[in-house]
Structures are given as C-alpha cells and as structure tokens.
Amino acid sequence: MSEAPTAARIRMEALAPHLHEAAQQWAQRLGLAFDDVDAGFALQLGEAGLQLAELGPQAPGPVRVDFVEGAVAHRRQFGGGAGQMIAKAVGIQQGIRPAVLDATAGLGRDAFVLASLGCTLSLIERQPLIGALLEDGLQRAAIDNEVAAIVARMRLLQGNAISIMADWQDEAPQVIYLDPMFPHRDKSALVKKEMRLFRPFVGDDPDAPALLAAALNLASHRVVVKRPRKAPIIEGAKPGYALEGKSSRYDIYPLKKLTP
Ligand SMILES: C[S@@+](CC[C@H](N)C(=O)[O-])C[C@H]1O[C@@H](n2cnc3c(N)ncnc32)[C@H](O)[C@@H]1O
C-alpha cells in the first residue's frame with residue numbers, strides 16, 4: 001500500500017500511547033508506516049477500536065465497523081426483521097434460516113442483518129484494510145452482551161472469494177450472497193461517506209462475472225446478487241427472478257428449493 005499515490009496512501013496512528021504496541025501489530029500486518037507525513041488517510045487505533053480516517057480540513061469523520069451502536073444496531077432493533085427484502089432474497093421463512101456465504105463482506109452490514117435473523121454466516125473480504133476493520137468490529141462485538149450471540153454466528157475469511165470458493169472444503173453453503181462494488185450506488189449519506197473513503201482502495205470489482213460463476217458452482221440452494229435498482233445484471237447466467245426495492249434490487253438464481 002505504501003506505493004500508492006499520495007492521496008490513497010495510508011499511515012498508521014495510535015490515538016493513545018498505551019495503544020501503540022497494538023497499532024504496531026496492525027501496521028506490520030498491513031504494511032503501513034507511522035511516519036508517512038504525505039499520506040492522505042490514516043488507519044487509527046483508538047479506545048473505540050480501529051478506524052479509517054481521511055486526513056485534511058474537508059475530511060468527513062472516520063469510519064469503523066460498529067455492530068453495537070449506530071446505524072447497524074438501529075436496523076437490528078427497528079429494521080423490519082424477517083420482512084426485510086434481504087431476508088426474503090436469501091429465503092428466510094418460518095422455520096428456514098439458511099447457512100449463507102457472504103462472499104463480498106465489505107463492512108459486514110448485510111451479513112450482520114442476516115446473522116441477527118438467525119442465519120449462520122461465512123464472510124469473505126479481499127481488501128486487507130476493510131478486512132482489518134471488519135475483524136476488529138467483530139472482535140469488539142464478541143464482548144458485548146447484546147450482540148455476542150449474533151456475531152458468534154459470523155466467521156470471517158480473508159482473501160479472494162473466487163479462489164476460496166473454488167477450493168471450498170466444508171459443506172457447501174446453502175445460499176451465496178454477492179454485493180460487488182458498482183460505479184453508481186445508492187446515495188444515502190452514510191454510503192456516500194464510506195464510498196468516498198473506500199473508493200481509492202477498492203475500485204469497481206470488474207471480476208464480478210467470475211465471482212458469480214464460482215458462486216453458482218458452489219451454492220447448494222441459491223445465489224443472490226444485490227445490485228443498484230437500475231443496474232444491469234452481472235454478465236453470465238440469467239437470474240430466475242428479482243426482488244426490487246427503493247434503491248436496490250436482488251437478483252435470485254435459484255438452484256434448489258429451501259425447506260425447513
Ligand atoms: C459493496 S461492498 C459490500 C458491502 C456489504 N454488503 C455490506 O453490507 O457492508 C463490496 C465488497 O466486496 C469486496 N469484494 C469484491 N470482490 C471480491 C472478491 N472476489 N473476493 C472477496 N471480496 C470481494 C470488496 O473488496 C468490497 O469490500
């Protein structure tokens with residue numbers, strides 16, 4: 001990462017002296033320096049966990065993974081439960097809580113929604129920086145009384161989902177969920193802030209067709225692809241049907257009927 005252009009360069013920071021040693025471990029793992037004065041971003045370790053911050057006067061606030069408070073927690077409590085479109089898309093019904101592989105985990109929001117509804121989740125993330133934020137968020141959630149039981153159902157794997165799925169040794173996931181990056185995504189304030197932060201590191205996932213093909217090879221019951229509502233389908237196999245919401249669409253590739 002240290003060879004990236006200045007604007008996309010990240011330095012490591014410890015926000016308190018006693019966190020320096022732990023910050024050093026993250027720095028080593030991710031190949032980040034503490035003294036990169038030209039960096040445009042900082043990965044900061046503070047009392048509230050690991051966060052990514054853009055540096056400079058116009059920068060938005062930092063982003064971290066928080067399953068305990070904030071937007072994700074609010075959605076867990078008030079977000080419509082099993083009636084949510086994502087729940088229908090993966091096939092949640094009375095007596096059915098499929099085992100789901102979320103192969104494009106990102107900050108883990110969608111996976112957390114499904115885990116709060118009782119599904120077991122494997123998550124894969126290939127961007128090491130996002131993987132680090134997610135790992136840290138899961139660790140902090142694991143020691144919280146309210147959400148520990150939920151994140152106990154979430155297992156994070158880091159690497160490229162295309163090869164991890166091709167080498168999969170465990171029982172095949174019933175449902176594979178894909179939400180690759182797409183150039184024009186929904187414009188809610190939260191997503192906009194995160195997009196601005198992550199765009200320089202993540203890009204547009206042009207290998208989505210290979211991801212879909214690998215998922216269709218592995219899933220036992222269905223593959224679900226989340227897209228912006230007006231976006232074309234991922235190139236390759238055609239979905240059996242789609243569920244459309246206000247800003248997103250779920251393309252469903254059914255393989256076998258889910259039963260209780
Ligand atoms: C739009 S974000 C997913 C957001 C996620 N659904 C959430 O709720 O937070 C897409 C993520 O998928 C990851 N990704 C894309 N292709 C991947 C692949 N082949 N293997 C692993 N991760 C991948 C990207 O690095 C990015 O973090």
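A few comments on the model shown:
- Exposed loop sites were defined as chymotrypsin sites (Phe, Trp or Tyr not before Pro) in DSSP loop states (anything but H, G, I, E or B) carrying at most 16 other C-beta atoms within 10 Å; in the chain the longest segment without such a site runs 35-167.
- Build a GNM of the chain with springs between Cα atoms under 10 Å apart, and of 15, 107, 43 the one that fluctuates most is 15.
- For q = 0.09 Å⁻¹, Debye-computed log10 I/I(0) when each Cα of the chain counts as one equal scatterer: -0.41
- Mean Cα-pair separation over length for the chain, i.e. relative contact order, pairs under 8 Å, 6 or more apart, %: 15
- Surface per residue (accessible, 1.4 Å probe) for segment 7-75, Å²: 51
- Spin-label pair residue 155/residue 229, simplified geometry with 7 Å Cα→Cβ offset, distance in nm: 3.7
- Estimated inter-spin distance, residue 237 and residue 30, nm [label 7 Å along Cα→Cβ]: 3.5
- The chain - percent of accessible surface contributed by carbon and sulfur, probe 1.4 Å: 52
- Where segment 89-147 is the region considered: accessible area per residue in Å², 1.4 Å probe: 32
- Residue separation of residue 78 and residue 217 scaled by 0.36 nm, minus their Cα-Cα distance, works out to 46.5 nm of gained length.
- Here each label is just a point 7 Å from Cα along the line to Cβ, and for residue 201 and residue 96 those points are 3.7 nm apart.
- Leading residue at positive end of dipole, the chain (Cβ point charges), from 260, 224, 132: 260
- Neighbour-limited loop hits for GluC sites (Glu not before Pro), segment 94-147 (at most 16 other Cβ within 10 Å; DSSP other than H, G, I, E, B): 146
- Residue among 89, 58, 40 farthest towards the positive dipole end of segment 25-91, charges placed on Cβ: 89
- Under 23 Å, Cα to Cα: Lys pairs in the chain, sequence gap 8 or more or different chains: 24
- Comparing mean-square fluctuations of 175, 100, 147 from a GNM of the chain with C-alpha springs under 10 Å, the top value falls on 147.
- Charge dipole of the chain (Cα centre as origin; +1 on each Lys and Arg Cβ, -1 on each Asp and Glu Cβ, all else neutral): 1280 debye, rounded to the nearest 20.
The values are calculated or read from the model by the stated rules, or taken from the named source; none is laboratory data. Everything numeric here is computed off the predicted structure, so don't read it as measured data. Because the Cβ atoms are built from the backbone with ideal geometry, glycine has one as well, and the counts that use them run over all protein chains shown. The accessibility values were calculated without ligands, DNA or RNA, using every heavy atom of the protein model including side chains. Shrake-Rupley method; radii C 1.70, N 1.55, O 1.52, S 1.80 Å.
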